Amino acid sequence: MSYIDEIIQQVIEKNPDEPEFHQAVREVLDSIRVIVDANEEKFRRDALLERLVNPERQIKFRVPWIDDQGNAHVNTGYRVQFNSAIGPYKGGLRLHPSVNIGIIKFLGFEQIFKNSLTGLPIGGGKGGSDFDPKGKSDREIMSFCQSFMSELCKYIGADTDVPAGDIGTGAREIGYMFGQYKKLRGLFEGVLTGKGISYGGSLARTEATGYGLLYITDALLRDHGMDMKGKTVAVSGAGNVAIYAIEKAQQLGAKVVTCSDSTGWIYDPDGIDVALLKEIKEVRRERLTAYKNARLTSEYHEGRGVWQIKCDIALPCATQNELTLEDAKQLKENGCIAVCEGANMPTTEDATKFLQENGILFIPGKASNCGGVATSALEMSQNSERLSWSFEEVDSKLKGIMENVYANISAAAKKYGMEGNYVAGANIAGFEKVLDAMNAQGIV
Ligand code: NDP
Ligand code: 2IT
């Protein structure tokens with residue numbers, strides 16, 4: 001059996017009940033066969049792949065907090081410090097009831113290669129909790145965030161591990177966590193990114209993941225003789241990534257006709273009203289039924305269904321495995337040209353294969369959503385030099401980074417005879433830099 005297949009099997013055996021982690025590892029290792037098979041002896045002798053798929057450190061802790069009625073609750077907190085070969089661990093914190101160690105490991109593993117692709121000095125990590133922020137008061141959110149950080153603060157720091165937002169963790173949560181870190185550690189430092197502008201945050205970080213997704217989608221289309229102008233776009237999700245993807249798509253002249261949350265989805269044939277969506281989701285924290293009630297020409301449907309709508313471009317921006325084989329077939333039938341992932345691993349393995357085999361341009365999340373973490377790294381730079389850059393400066397750096405990522409994944413795919421396969425290109429280009437750094441640093 002090849003070294004790669006041995007490791008895939010080992011990951012499945014040693015990490016049972018972690019299907020998302022298996023999926024993420026399988027996808028990366030499959031892509032790097034061309035590199036590993038050519039030099040298998042050396043890779044085996046150095047246990048390079050064992051070191052790649054086993055996190056450097058996993059932290060799991062109890063998070064007790066008190067609700068508004070005075071009742072105590074206990075959630076589980078996680079931080080997986082996966083790989084520090086190219087920089088301090090960097091990656092978000094997910095707060096969602098579905099969180100478990102397998103989900104955090106899949107996200108942390110993806111983060112290694114994503115962060116490498118940005119070209120910036122950041123290693124891979126991820127964390128979170130099975131806490132459900134939905135329906136909680138501000139005081140309950142603060143109680144949870146303070147308790148979570150009371151433990152996490154022992155393991156992170158501006159030069160060691162720098163968490164940020166992800167599903168369920170936005171500016172409010174980052175603020176409460178930053179306050180608690182500062183109180184306990186006595187340090188005002190860039191230990192978190194996605195901070196508020198008044199206390200060290202970067203302009204354009206809020207917009208960065210969604211804007212970055214559109215910058216790379218635009219680069220992809222231009223490379224194939226097209227652009228965003230006049231395109232019809234389907235977006236899933238209605239959170240941070242989705243909102244700013246919709247905003248930038250519209251700025252580039254496209255019409256976005258859908259968005260969704262975990263209970264239902266909107267079809268708005270006139271184009272999503274992004275100011276209304278922001279007001280409902282960012283300010284009032286309401287469900288999408290409020291959008292339908294405020295905009296009578298739109299339709300609201302319970303459940304999932306955005307991929308049924310005819311579109312040129314599909315941007316999944318909600319969560320993992322939300323775009324299935326059936327959805328991919330529907331997109332193909334409707335004449336979709338490109339799928340670019342805003343979320344982490346939103347397309348199932350069989351759907352990805354189908355899209356690629358049927359000539360639909362496809363960019364995987366680790367390349368297409370890396371604008372968020374790239375801008376987090378720019379926030380770290382600003383914190384280090386104790387300066388703040390203008391929105392335009394950050395945004396233009398972000399655009400340059402995304403165009404570079406596209407050029408690099410495209411060139412890597414071509415170099416190994418897989419032109420147009422951006423999954424292989426992203427995994428190979430991300431891996432090469434990490435490999436080089438791991439080799440240089442010895443067996444650690
Ligand atoms: P948010 O919490 O802001 O929004 C998440 C959105 O997805 C919400 O509309 C939410 O609906 C929906 N959603 C979440 N879980 C599910 C689920 N299980 N089923 C259906 N819908 C769901 O998160 P973000 O926008 O920050 O994150 C979205 C995706 O992008 C995630 O995969 C994240 O890992 C990824 N990402 C985020 C980055 C960032 O900078 N924030 C950077 C790179 C990737 P509801 O509100 O009803 O739960
Ligand atoms: O998945 C991701 O890249 C993020 N949630 C952002 C991580 C970060 O450190 O900004």
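At q = 0.10, 0.11 Å⁻¹, what log₁₀ I(q)/I(0) does the stretch 126-248 have when each alpha carbon counts as one equal point scatterer in the Debye sum?
-0.40, -0.48
Ranking request for peptides 314-325, 265-276: highest mean number of other beta-carbon atoms within 10 Å first, then the rest in descending order.
314-325, 265-276
Calculate, in nm to one decimal, what Ser98 and His73 gain on full extension: separation in residues at 0.36 nm each, minus their alpha carbon distance.
7.3 nm
What's the Kirkwood radius of the stretch 363-444 in Å, using all Cα pairs?
14.2
Roughly speaking, what is the centre-to-centre gap between the stretch 130-175 and the stretch 33-100 when only Cα atoms are used, to the nearest Å?
17
Residue-wise, which Karplus ³J(HN,Hα) couplings in Hz belong to the stretch 303-311, taking 6.51 cos²θ - 1.76 cosθ + 1.60, θ = phi - 60°, and x for glycine or proline?
With the stated coefficients, the stretch 303-311 comes to x, 10, x, 4, 7, 7, 7, 5, 8 Hz.
Pairwise over distinct Cα atoms, reciprocal of the mean inverse distance: report the Kirkwood radius of the stretch 1-42 in Å, one decimal place.
10.7
Go through Arg51, Arg57, Arg386 and list them by solvent-accessible area, largest first, probe radius 1.4 Å.
Arg386, Arg57, Arg51
Rg (Å, one decimal) plus Dmax (Å, integer) for the alpha carbons of the stretch 61-137?
14.8, 48
Rank Pro64, Leu49, Val34 by how far each Cα sits towards the positive end of the charge dipole of the stretch 27-66 (+1 on Lys, Arg Cβ; -1 on Asp, Glu Cβ) and give me just the farthest.
In the stretch 27-66, that residue is Pro64.
Nearest 0.05, what FRET efficiency do Gln9 and Asp132 give at R0 = 30 Å with Cβ-Cβ as r?
E between Gln9 and Asp132, to the nearest 0.05, is 0.30.
Among Phe144, Leu187, Leu220, which residue has its Cα positioned farthest towards the positive end of the charge dipole of the stretch 139-272, with +1 placed on the Cβ of Lys and Arg, -1 on the Cβ of Asp and Glu, and the dipole taken about the Cα centre?
Leu187
Using C-alpha positions alone, give me the convex hull volume of the stretch 158-216 per residue in cubic angstrom.
Dividing the Cα hull volume of the stretch 158-216 by its residues yields 94 Å³.
How big is the gap, in Å, between the Cα center of the stretch 243-263 and the Cα center of the stretch 321-370?
Comparing the Cα centres of the stretch 243-263 and the stretch 321-370, I get a distance of 17 Å.
Would you please give the residues with an amide H less than 5 Å from that of Ile59, counting only those at least 5 places away or on a separate chain, with H modeled from the backbone geometry?
It is Arg79, Val80, Gln81, by chain and number.
Only helical DSSP H runs with n ≥ 4 go in: add -39500 (n - 2.57) per run for the chain, normalise by residue count and round the 222 nm mean residue ellipticity to 500 deg cm²/dmol.
Dividing the helical sum by the residues of the chain leaves -14500 deg cm²/dmol.
Quick one: work out Rg over Rh on the C-alpha atoms of the stretch 1-131, Rh as Kirkwood radius.
Rounded to two decimals, Rg over Rh is 1.06.
Report, ordered by chain and residue number, the lysines lying within cross-link reach of Lys292, taken as a straight Cα distance under 16 Å and ignoring same-chain residues fewer than 8 apart.
Straight-distance partners of Lys292: Lys278, Lys281.
Probe radius 1.4 Å, ligands and nucleic acids ignored: give me the carbon and sulfur share of the accessible area of the chain as a rounded percent.
Carbon and sulfur atoms account for 49 percent of the accessible area of the chain.
With a 10 Å radius around each residue's Cβ, average the other Cβ atoms per peptide and rank 15-22, 94-101, highest first.
With the highest mean Cβ count within 10 Å placed first, the list reads 94-101, 15-22.
For the chain, state the average projected area of the convex hull of the C-alpha atoms over all orientations, rounded to one decimal in nm².
Approximately 20.6 nm², given one-decimal rounding.
With the crude spin-label approximation of a point 7 Å out along Cα→Cβ, what separation in nm comes out for Lys229 versus Ser198?
4.3
For a quick check: with amide H placed at 1.01 Å from N, whose amide H comes under 5 Å from Gly264's, ignoring anything fewer than 5 positions away on the same chain?
Excluding prolines and chain starts, which carry no amide H, the hits are Gly303.
Say R0 is 25 Å: what FRET efficiency, to the nearest 0.05, do Arg285 and Arg185 get from their beta-carbon distance?
0.25
Of the chymotrypsin sites (Phe, Trp or Tyr not before Pro) in the stretch 30-84, which ones lie in a loop per DSSP and count no more than 15 other C-beta atoms within 10 Å?
Answer by residue number: there is no such site.
Where both partners of a DSSP beta bridge lie in the chain, what percent of those bridges are antiparallel, to the nearest 5?
Of all bridge pairs located within the chain, approximately 55 percent are antiparallel.
Rg and Dmax of the stretch 200-296, using alpha carbons, in Å: what are they?
Here Rg and the maximum Cα pair distance are 13.7, 41 Å.
To the nearest 20 debye, what is the magnitude of the charge dipole of the chain about its Cα centre, counting +1 on the Cβ of each Lys and Arg and -1 on the Cβ of each Asp and Glu?
Value, rounded to 20: 880 debye.
With labels modelled as points extended 7 Å from the Cα through the Cβ direction, what inter-label distance (nm, one decimal) is found for Ser384 paired with Lys42?
Once both label points are built, they end up 2.9 nm from each other.
Give me the accessible area per residue for the chain, probe 1.4 Å, as a whole number in Å².
Accessible area per residue, the chain: 39 Å².
The values are calculated or read from the model by the stated rules, or taken from the named source; none is laboratory data. These numbers were taken from a predicted model, which means no experiment stands behind them. Here Cβ is always computed from backbone atoms with ideal geometry, including for glycine, and neighbour counts include all displayed protein chains. Just so you know, the surface numbers come from the protein's heavy atoms only, side chains and all, with ligands and any DNA or RNA stripped out. Shrake-Rupley method; radii C 1.70, N 1.55, O 1.52, S 1.80 Å.
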